[in-house]
Every structure is written in C-alpha cells, then in structure tokens.
Amino acid sequence: MRGRNGASAWEEAGPPSARNGNRLSASARAGIDKINHMSAAFALSPEVLAKYQPVIGLEVHVQLLTRSKAFCGCRNEYGGEPNTHVCPVCLGLPGALPVLNRQAVEFAVLAAKAIGCRIRETSVFARKNYFYPDLPKGYQISQFDKPIAEHGEIIVSDAEGNPKPIGVTRLHMEEDAGKSLHDGFPDSASRSYIDLNRCGTPLVEIVSEPDLRSPDEAFEYLTRLKEILLYTGVSDCNMEEGSLRCDANVSVMLKGADRFGAKAEVKNVNSFRYIRAALQYEIERQIGILEEGGRVVQESRLWNNAEGRTYSMRSKEHAHDYRYFPEPDLPPLVVGAEWQRQILSAMPELPEARRSRLASEFGLNAQDAATLTTDRELGNFFESAAKAAKSPKRVAAILLSEITMRLRAAEIRLDQSPISREGLVTAADLVESGAISSKQLKQLLDACFSEGCDFIAIYERDKPQQISDTGAIETMIDQVIAANPAQVAQFKAGKRTVAAFFIGQVMRLSKGQANPALLNDLVVKKLDEAAG
C-alpha cells in the first residue's frame with residue numbers, strides 16, 4: 001500500500017503516492033536537508049526533550065501466506081525468475097477479471113479477530129488509482145470506506161510498566177504492487193527494472209491509532225503484533241523478504257498541547273530495531289527544528305541505516321486524490337456469522353493467554369513464560385516435553401539456556417535441532433535426578449550439535465556417571481587438601497573464597513563427575529575441620 005487508507009485522530013493530509021506525490025524541488029530539498037543536518041547536530045538536553053511529547057502511529061502491511069494470489073491462480077511465493085509468476089489478471093490485461101481468494105478472506109478475518117477487531121459483515125473493495133510502472137493496471141484493488149475490520153487493540157507496556165492499550169483503527173484487504181529494481185544491473189544508474197511477480201499478492205494493512213508515545217512502545221507494539229500473526233499462521237512475517245513492512249508516522253508537540261504537530265512518515269525501514277532507531281532520530285530532529293524556531297515540514301522521509309538518519313523523500317503538504325470508487329468487477333464481500341464461526345474455529349491459543357496458562361500450569365516465572373511463548377513452535381515443543389518430564393522447570397531451563405543458545409550458534413531453527421522432544425525429556429530427567437551434572441549435560445549437548453545426533457544416542461554411547469558417593473568424594477577432598485597446604489592456610493586465615501580452588505581441583509580429579517552440590521558442601525565441611 002502506498003499510504004494511509006484509514007482515518008485517524010491525526011489531521012489527515014492525504015496519502016500521496018511515492019510515484020506521483022508532490023515532490024520537493026532540488027533547492028527546497030537541499031534547504032530542508034540543511035535544516036535537518038543542523039537540527040540533528042543540535043545537542044538536546046534532557047530538559048528540552050522532556051518539554052515535548054512524541055506522537056506515533058504505525059501502518060503495517062502483511063503479506064498473507066496463501067497458496068495463490070489475491071485475485072488469480074498465480075503462485076504466491078517469494079523469489080522465482082522475474083515476471084514468471086504472472087497472468088493476464090495480475091498483469092491487468094484487457095478483459096481479465098479478478099476472482100477473490102477465499103483463503104485470503106479467512107486469513108484476514110483470523111488476523112483481525114486475533115487483534116480484537118470487529119468484523120464488518122459486508123465490506124467493499126475499491127480501486128485506488130495511481131500510475132507507476134510496477135502497477136500495470138494503473139490502480140490497486142484495496143478497501144477504502146468499508147474495510148473488512150475495525151476497532152481493535154494491542155496491549156503494550158507504558159514507561160512505568162503498566163498495560164497500555166494501543167488502538168487499531170482498521171484492518172483492510174488489498175493486493176500488493178510489483179517491485180522496482182534500482183540496483184544490481186550494468187545500467188542501474190540510468191534505468192530501473194520491473195519484476196511483477198509480487199503483483200496481486202494478498203495483503204492486509206493494519207493501521208494503528210496515534211496512541212504510541214515513544215519508540216520503545218512502537219517496538220513493543222510491532223513485536224506483539226508479529227507474535228500474534230505468527231501464532232495465527234496467516235503470514236510468515238519475514239521482513240527480509242518483504243512479508244511484513246511498516247511505515248511509521250511521527251510528530252512532536254509540547255506536553256499539554258491539544259493539537260498534534262506536523263508529521264513525518266518514515267519509510268524504508270526493514271527491522272523493528274531500526275524502526276525504533278529511526279523514530280528516536282526523527283523525534284530529536286523535529287524537536288531540534290522547533291527549538292531553533294523553525295517549522296516541521298509534513299513529508300515522507302527515508303531511513304538510511306548506514307548513516308543512522310532520515311532523509312527527505314517528498315512533500316506531503318497537499319492531499320493526493322486517488323479517486324477511490326467501488327471495484328466494479330467484485331461484488332461486496334459478505335462474511336456472515338456462520339462463516340465467521342467456521343473461520344474462528346481455527347483460532348489457536350494466542351500468546352498472552354498462553355503465557356498466563358504456562359506460568360500457572362507449570363510454575364514458570366513470568367520471564368520464562370514470556371520467552372517460551374514468543375514463538376508458537378517453541379511453546380509447543382516445551383509443552384510436549386514438560387508434560388512428559390519429571391520437572392517442567394528443568395525442561396524450561398535446559399531449553400532456554402542450553403538448547404536455544406546452541407541453535408543460535410549453529411544458525412539453525414528449532415525444527416532443525418538434533419535434540420528431539422524425547423531427548424530433551426531424558427536430559428531434564430537425568431539432571432533432575434542427579435545422574436549427570438550440569439557440566440556433563442553441556443558436554444553431551446555439545447556432542448549432539450557437533451555430531452548431529454539426538455541426546456539419547458549420545459548419552460547411551462558415552463554413559464557419563466555422576467559420583468554421588470560421599471565417601472568417594474571425601475577421599476578425593478582429603479587428597480587435594482593434603483597436596484595444597486598453602487591454600488589451606490589461606491582458608492584458616494579467613495579467606496573463605498579459596499574453597500572454590502579446592503572444588504575445582506576435586507572436580508578435575510573426578511574428571512568432572514563429582515556431584516557439584518554434594519562436593520560444595522563437603523569441601524566447606526572438610527576445610528572447616530582443617531581450620532579448627
């Protein structure tokens with residue numbers, strides 16, 4: 001989508017196209033960029049920053065994970081040779097008529113209900129008219145005044161850590177445009193290339209109210225939204241492939257003011273972390289301009305990650321007329337109560353509800369429950385293992401601290417892990433019973449990942465045993481104490497931290513097999529006896 005379709009509490013200046021909006025002259029852009037540079041260099045004190053209130057709204061475009069495109073039977077998949085996933089419908093050839101993808105409608109309803117939106121039983125598709133080479137029809141099929149869903153919310157935490165609802169104005173359906181390629185060709189300096197494979201990909205656009213008041217709130221909003229969408233399965237939300245794209249509208253106003261300031265729309269940001277950085281930069285840039293007596297220009301700006309700053313792209317001072325009118329080739333979309341019930345029967349347990357249940361059912365702390373529910377498959381893997389293991393908490397600890405760390409190091413996904421559910425259960429039970437130590441667990445897991453074998457196979461092969469015999473451990477402690485009189489003298493003199501030296505020596509002598517908890521107690525006991 002090339003701009004905002006939904007109304008908001010902002011004074012709407014209209015959604016000009018990136019292609020034919022009101023472009024700044026070279027001299028005007030140079031003047032604005034000079035001001036921007038001066039403002040960015042302006043050292044803003046905490047007192048100055050505290051005078052202003054940022055106002056942020058987000059427009060998130062989500063590609064739906066359907067098998068075919070929104071209005072034709074072409075494959076809906078990333079990649080492929082340019083201009084091969086196309087047909088007369090998505091190319092806009094004369095006489096070709098669109099047919100709405102039923103699965104796209106069901107995914108849109110599922111996503112909308114997951115974020116608390118109200119479904120409009122009868123919605124209407126509209127033509128949004130503008131010209132650009134990657135839009136062969138000359139218009140985009142979207143929804144305008146009657147979107148499929150409205151009035152939802154996503155909960156974030158405010159600056160004090162309290163729950164804060166962020167309003168969702170609307171969720172509407174539309175089709176994607178193609179892609180203009182400006183780099184990577186011998187004549188890229190003078191020509192652009194067009195790949196129309198993306199034309200007609202089904203999207204939903206999710207428009208927030210301007211309720212966000214900091215870059216951190218915006219980051220959390222996007223994180224929560226992505227979690228919810230991934231749980232529903234309607235999209236893979238892969239930002240690198242463009243399945244989730246976000247434009248951020250940001251302005252600043254004096255605290256206590258009743259009117260929002262002029263807003264900038266920040267585009268071309270491809271990660272949540274960069275969106276947070278872009279918003280922080282833009283807030284400080286606008287405050288700097290106002291503090292210097294200047295006027296913030298309403299415009300679209302591009303984020304340059306390499307330089308850590310935004311650049312002016314085009315003016316948004318005047319509304320652009322897209323000449324919306326109902327799509328004559330598509331009847332009104334009716335999603336009645338029965339169809340809605342059928343769609344919602346596929347709704348999974350959503351992240352927030354799952355966090356509460358895992359914490360209650362398995363005795364997890366809030367942090368572990370939150371981490372385990374950031375990804376649906378991770379949560380499923382944990383639950384399956386936790387129900388079969390002696391200690392769910394031990395399963396959570398091993399999964400979060402040991403296995404995920406190795407997955408990141410190996411740059412593989414959970415479904416590619418050599419550790420099966422049964423392997424995780426076995427590992428947790430062995431550690432919980434004291435049959436193996438934490439150090440032995442680490443060694444076994446290292447072998448699993450280096451050899452690509454499951455935990456049970458590696459354990460059966462190596463059979464490490466933990467020494468828990470008190471007499472055997474005391475014998476080794478006596479040997480180490482006898483061999484290190486200087487360290488014993490230090491302990492007698494009050495340097496009790498030297499006990500760690502003896503623990504390490506005994507652990508080496510036992511080849512890492514001494515029970516750590518028992519060893520710690522016995523070392524202190526033996527040293528106290530020696531000191532007495």
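Nothing in this text is a laboratory measurement; each read-out follows from the coordinates by a stated rule. Keep in mind it's a predicted model, so treat the numbers as computed, not measured. Virtual Cβ from ideal backbone geometry, glycine too; neighbours counted across all protein chains shown.
Look at the alpha carbon pairs under 8 Å that are at least 6 residues apart: their mean separation over the length of region 470-531 gives a relative contact order of 45 percent. Partners of LYS525 within straight-line reach, counting lysines whose Cα lies under 25 Å from its Cα and excluding those fewer than 8 residues away in the same chain: LYS439, LYS492, LYS495, LYS511. Basic side chains Lys and Arg get +1 at the Cβ, acidic Asp and Glu get -1 at the Cβ, and with that the dipole of region 26-338 about its Cα centre reaches some 420 debye. Between the amide H of MET313 and those of SER300, ARG301, LEU302, distances stay under 5 Å, these residues lying 5 or more places away or on another chain, with hydrogens modeled in the peptide plane.
Between ILE148 and MET173, the built amide H atoms are under 5 Å apart, and every one of these is 5 or more places off in sequence or on another chain. Based on C-alpha pairs under 8 angstrom that are at least 6 apart in sequence, the chain has a relative contact order of 15 percent.
If you put +1 on each Lys and Arg Cβ and -1 on each Asp and Glu Cβ, how big is the dipole of region 357-466 around its Cα centre, in Debye rounded to 20? Kindly include the intermediate steps, with their values, before the conclusion.
Details: 14 positive and 16 negative charges, 48 e Å.
It works out to roughly 240 debye.
Scattering from region 88-244 was approximated by placing one identical point on each alpha carbon and applying the Debye formula without solvent; log10 I(q)/I(0) at 0.14, 0.16 1/Å stands at -0.82, -0.99.
Taking the fewest neighbouring Cβ atoms within 10 Å as the starting point, the ordered list for MET253, MET476, MET405 is MET405, MET253, MET476. Indicate the gyration tensor shape class of region 74-126 (rounded, prolate or oblate), computed on the Cα atoms with a ≥ b ≥ c the square roots of the eigenvalues: a/c under 1.5 is rounded; otherwise a/b larger than b/c is prolate and the rest oblate. The shape class here is oblate.
Reported to the nearest whole Å, the Cα centre-to-centre distance from region 193-210 to region 401-446 is 41. For ILE166, the residues whose amide H sits under 5 Å from its own are ILE154, ILE155, VAL156, ignoring neighbours fewer than 5 places away on the same chain, with H placed 1.01 Å from N. Partner lysines whose Cα lies under 28 Å from the Cα of LYS128, excluding those fewer than 8 positions away in the same chain, are identified as LYS69, LYS113, LYS137, LYS146, LYS179, LYS226, LYS263, LYS267, LYS316.
Computed over region 26-338, the P(r) curve from all C-alpha pair distances, binned at 10 Å from the origin, holds 6, 24, 32, 25, 11, 2, 0 percent per bin. Going by neighbour counts of Cβ atoms within 10 Å, the residues TRP339, TRP303 line up, fewest first, as TRP339, TRP303.
Overall, the ratio between the Cα radius of gyration of the chain and 2.2 N^0.38 Å, rounded to two decimals, is 1.25.
Each residue of region 83-99 is assigned a 3J(HN,Hα), and the resulting list reads 6, 10, 9, 9, 8, x, 5, 6, 8, x, 6, x, x, 7, 10, x, 10 Hz, derived from the Karplus form 6.51 cos²θ - 1.76 cosθ + 1.60 (θ = phi - 60°), x at Gly and Pro.
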